[in-house]
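The structure under discussion appears below in the form of structure tokens.
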Amino acid sequence: MLREYFKKLGFGRKTGITLPNEEAGNLDFKYETEIYNAGFGQGITTTPIQNVKALTTLTNDGMLLEPFVVSKIVDPETDEVILENKRTEIERVASTETCLLYT
């Protein structure tokens, strides 16, 4: 069950962020003790951006958001918006009540 929740939060796969060389991390449990260790952060590997993505659920009432690095790029000479990222909700992974317990 813990592994499924880790997967739901995006651990073990790339986020798709627009930075080069992103890693997926590792959720390969071979032994039952590795699952127990993962509960307190050992036995798995994650990236900082995966951690930020997972933490978006705590400040957004349980809604997992798609991460991005830059909100907007504007040409300084023409004021033309070259890129504008918007809030993208992926899925609700926890209830509001659950999130209130941890904030």
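The values are calculated or read from the model by the stated rules, or taken from the named source; none is laboratory data. Given the structure is predicted, the values throughout are model-derived calculations rather than measurements. As a convention, Cβ positions derive from the backbone with ideal geometry for all residues, glycine included, and neighbour counts pool all protein chains shown. Ligands, DNA and RNA are stripped out before the accessible areas are found, and what is left, the full protein with its side chains, is counted by its heavy atoms. Shrake-Rupley method; radii C 1.70, N 1.55, O 1.52, S 1.80 Å.
Please verify whether residue 14 is basic (Lys, Arg), open to solvent by 60 Å² or more (accessible area, probe 1.4 Å) and over 16 Å from residue 88 (Cβ atoms), treating the condition exactly as stated. Criteria not met by residue 14.
Residues 84, 89: which one is touching a residue at least 24 places away in the same chain (Cβ under 8 Å) and open to solvent by 60 Å² or more (accessible area, probe 1.4 Å)? Unique residue meeting the criteria: 89. In region 40-54, the qualifying residues are those that are open to solvent by less than 100 Å² (accessible area, probe 1.4 Å) and hydrophobic (A, V, I, L, M, F, W, C), and the one that is farthest from the chain's Cα centre (by Cα) is 44. If only residues of region 92-103 that are open to solvent by less than 60 Å² (accessible area, probe 1.4 Å) and assigned to a loop (DSSP other than H, G, I, E, B) are counted, the one that is nearest to residue 5 (Cα to Cα) is 93. Return the residue satisfying two criteria in turn: it lies in region 20-39 and is aliphatic (A, V, I, L, M) and assigned to a loop (DSSP other than H, G, I, E, B), and of such residues it is surrounded by the most Cβ atoms within 10 Å (Cβ to Cβ). My answer is 27. When region 45-65 is filtered for residues that are of a type in the set (Val, Ile, Thr), assigned to a loop (DSSP other than H, G, I, E, B) and within 22 Å of residue 99 (Cβ to Cβ), only 46 remains. Within region 50-103, being touching an Asp or Glu at 6+ places or on another chain (Cβ under 7 Å) and under 14 Å from residue 15 (Cα atoms) holds for 64, 65, 88, 90. Within the bounds of region 58-68, is there any residue that is touching a residue at least 12 places away in the same chain (Cβ under 8 Å), more than 13 Å from the chain's Cα centre (by Cα) and open to solvent by less than 70 Å² (accessible area, probe 1.4 Å)? Checked region 58-68: no residue is touching a residue at least 12 places away in the same chain (Cβ under 8 Å), more than 13 Å from the chain's Cα centre (by Cα) and open to solvent by less than 70 Å² (accessible area, probe 1.4 Å).
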